[in-house]
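First the structure, in the form of structure tokens, and then the observations on it.
The values are calculated or read from the model by the stated rules, or taken from the named source; none is laboratory data. Remember, it's a predicted structure, so these values are computed and weren't measured experimentally. Because the Cβ atoms are built from the backbone with ideal geometry, glycine has one as well, and the counts that use them run over all protein chains shown. With ligands, DNA and RNA removed, areas are computed over all heavy atoms of the protein, side chains included. Shrake-Rupley method; radii C 1.70, N 1.55, O 1.52, S 1.80 Å.
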Amino acid sequence: MTLLPSLLAGLKAVCAAFPDPRKGRGGNIAMADFGLSAFSMFFMQSASFLSFQRSLEKGQGRSNCQSLFGIEKIPSDNYIRDMLDEADPALLAPCFERLETLLAEPPMRQAFARLGGRTLVAWDGTEYFCSQKIGCPHCLTRERSNGKTESYHSMLAATVVAPGHSKVVPLMPEFIASQDGAEKQDCERNAVKRWFGKHHARLSPLRPVYLGDDLFACQPVAKMVTDNGGDFIFTAKQSSHKALYDFIDGAEPNRHEEKVRKRNARETFRYRWIEAVPLRDGRDAMPVNWIALEIVDATGRVKYSMAWVTSLAITQYNVAQIAACGRARWKIENESFNVMKNHGYELEHNFGHGETFLAMTLAALNLLAFAWHAALELLEPPWQAAREAATKRTRFFAHLATLTAYAVFPSWTVFLEPLATFTIPPELLKTQKIE
């Protein structure tokens, strides 16, 4: 078990560099302990994890915070919030960049490589905090029908996805927040431009193909991608692309059909595509390739209909794969946002808002925990064995919380073994009183 300790060592180094608001007064708790303590709660999927470890420390003189996460002293929850408020989430970028290097590992390449070894990166925005009472300088605002002003936080997420694979890997997000000197409120399109400028060049060895909804199917974003050697597949709705669809109405598309058996039913996948259509009106319109898919059941009913614009060349041999990759964009919503908000990570819960960066930094740590879980399930055999033994994801994290509440484990290897075998190691029974 080497990957998780290595990831934690990297996170500890990053957290140690967080700005210390104690301004030279110092203290008996290191800055790294504040960041690691907050992260441990997200990683263990337990809001009570730190509380359990404080109780365990009183009874046994040590806890799993020390042995598993490398936390020297456990701070109080309020102390963590106070000390992390000035930590810009951008400081966590090295931890997400480490995940990018893992995407080049053979198991990750096998899981996520598509279109001849390309990596699909889906973009989408999501909201994770909303209040009519609490706000900060980075909050966005909107007026509600009751006349009250609502403050909220959102972020532009970038997530590695792949059709036919249930796992996703979040990358470093770009927070949609009030920008210094900006007259207008920040938005997803501005955020995606900032994200691209910060990360695309570094991701170029993965040969990314960017996926996005109709919001990103505009010339500034599409040209930004292709001018820098990338490719895209963006949803293109007729309602927002009048010039494009006017052109399509007067052209004869290429066509291809495939019969697909799904369980006991047979479906027909009908593809249409046209090359070099104008993305918008005007002489400077960028030419893109348009592709449409209809899925028809045995009775002739259209079950699914969608269209995309792409910079990729389309042929009858790759049209089905390109459309499948375009459809994979929804995974950022179902496999990422839905899981993080409704299945254990509680992304929308207010763990602490703060006055500066706290809400964003805690969201980034939560996202990092989710990304690590995905990487461990694909790359770390002891984690895989423990996860498979629990069968259900909720049961697995319940076991994590239960075992760490009653016994101190000297390492992740020793901890994961009883999770996989449902037995307590004899050496633990000799050294600890476990009831």
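Quick one: how many residues across the range 200-220 are part of a helix (DSSP H, G or I), within 21 Å of the chain's Cα centre (by Cα) and under 21 Å from Trp273 (Cβ atoms)? Break it down into steps so the answer makes sense when it comes.
Step one: list which residues in the range 200-220 are part of a helix (DSSP H, G or I), which gives 200-206, 214-216, 219-220.
Still in the list and also within 21 Å of the chain's Cα centre (by Cα): 200-206, 214-216.
Checking which are under 21 Å from Trp273 (Cβ atoms) leaves us with 214, 216.
Number of matching residues: 2.
For the range 253-293, give me each residue that is more than 30 Å from Pro220 (Cβ to Cβ) and acidic (Asp, Glu). Glu257, Glu258, Glu267 - these are the residues of the range 253-293 that are more than 30 Å from Pro220 (Cβ to Cβ) and acidic (Asp, Glu). On inspection, Tyr79 qualifies as within 23 Å of Leu358 (Cα to Cα), among the aromatic types (Phe, Trp, Tyr), open to solvent by 40 Å² or more (accessible area, probe 1.4 Å) and in contact (Cβ under 8 Å) with a residue 40 or more places away in the chain. Restricting Ile291, Ile274 to those that are under 17 Å from Thr235 (Cα atoms), hydrophobic (A, V, I, L, M, F, W, C), out of contact with any Ser or Thr (no Cβ under 8 Å at 6 or more places or on another chain) and open to solvent by less than 50 Å² (accessible area, probe 1.4 Å) reduces the list to Ile274. Looking only at the range 225-270, filter to residues that are open to solvent by less than 20 Å² (accessible area, probe 1.4 Å) and touching a Pro at 6+ places or on another chain (Cβ under 7 Å); which one of those is farthest from His199 (Cα to Cα)? The residue in question is Leu244. For the range 157-199, taking the residues that are aliphatic (A, V, I, L, M) and outside any loop (DSSP other than H, G, I, E, B), the one that is farthest from Glu100 (Cα to Cα) is identified as Ile176.
So that you can scan it fast, the table gives a plain yes or no per residue for (1) in contact (Cβ under 8 Å) with a residue 24 or more places away in the chain; (2) over 30 Å from Ala369 (Cβ atoms); (3) of a type in the set (Ser, Thr, Tyr):
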| residue | (1), (2), (3) |
| --- | --- |
| His165 | yes, no, no |
| Lys184 | no, yes, no |
| Val192 | yes, no, no |
| Gly197 | no, no, no |
| Asn228 | yes, yes, no |
| Phe247 | yes, yes, no |
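Restricting attention to the range 183-213, the residues being buried (at least 19 other Cβ atoms within 10 Å of the Cβ), charged (D, E, K, R) and under 14 Å from Leu171 (Cα atoms) number 0. Just to be sure before I move on: is Ile74 of a type in the set (Val, Ile, Thr) and not in a helix (DSSP H, G or I) in the structure I sent? Yes; evaluated as a whole, the condition is true for this residue. Inspection of the range 224-232 finds a residue satisfying the criterion of being in contact with a Lys or Arg (Cβ under 9 Å, 6 or more places away or on another chain) and either of a type in the set (Asp, Glu) or not in a loop (DSSP other than H, G, I, E, B) (or both). Quick one: in the range 393-410, which of the residues that are small (Gly, Ala, Ser) and within 27 Å of the chain's Cα centre (by Cα) is farthest from Ser51 (Cα to Cα)? Checked the range 393-410; the qualifying residue farthest from Ser51 (Cα to Cα) is Ala398. Can you pull out every residue in the range 10-37 that is modelled with pLDDT of 95 or more and among the basic types (Lys, Arg)? Matches in the range 10-37: Lys12 only. Considering the range 41-54, the residues that are touching a residue at least 12 places away in the same chain (Cβ under 8 Å) and of a type in the set (S, T, N, Q) include one that is farthest from Arg395 (Cα to Cα), namely Gln53. Restricted to the range 1-31, and to residues there that are surrounded by 15 or more Cβ atoms within 10 Å (Cβ to Cβ) and farther than 30 Å from Pro381 by Cα, the residue that is nearest to the chain's Cα centre (by Cα) is Phe18.
Which of the residues spanning the range 370-409 are open to solvent by 20 Å² or more (accessible area, probe 1.4 Å) and β-branched (Val, Ile, Thr)? Selection gives Thr391, Thr394, Thr402.
Determine whether Gly300 is loosely packed, with under 13 Cβ neighbours inside 10 Å, assigned to a loop (DSSP other than H, G, I, E, B), touching a residue at least 24 places away in the same chain (Cβ under 8 Å) and among the small types (Gly, Ala, Ser). I'd like the intermediate steps shown before the answer.
On the way: loosely packed, with under 13 Cβ neighbours inside 10 Å: yes; assigned to a loop (DSSP other than H, G, I, E, B): yes; touching a residue at least 24 places away in the same chain (Cβ under 8 Å): no; among the small types (Gly, Ala, Ser): yes.
Criteria not met by Gly300.
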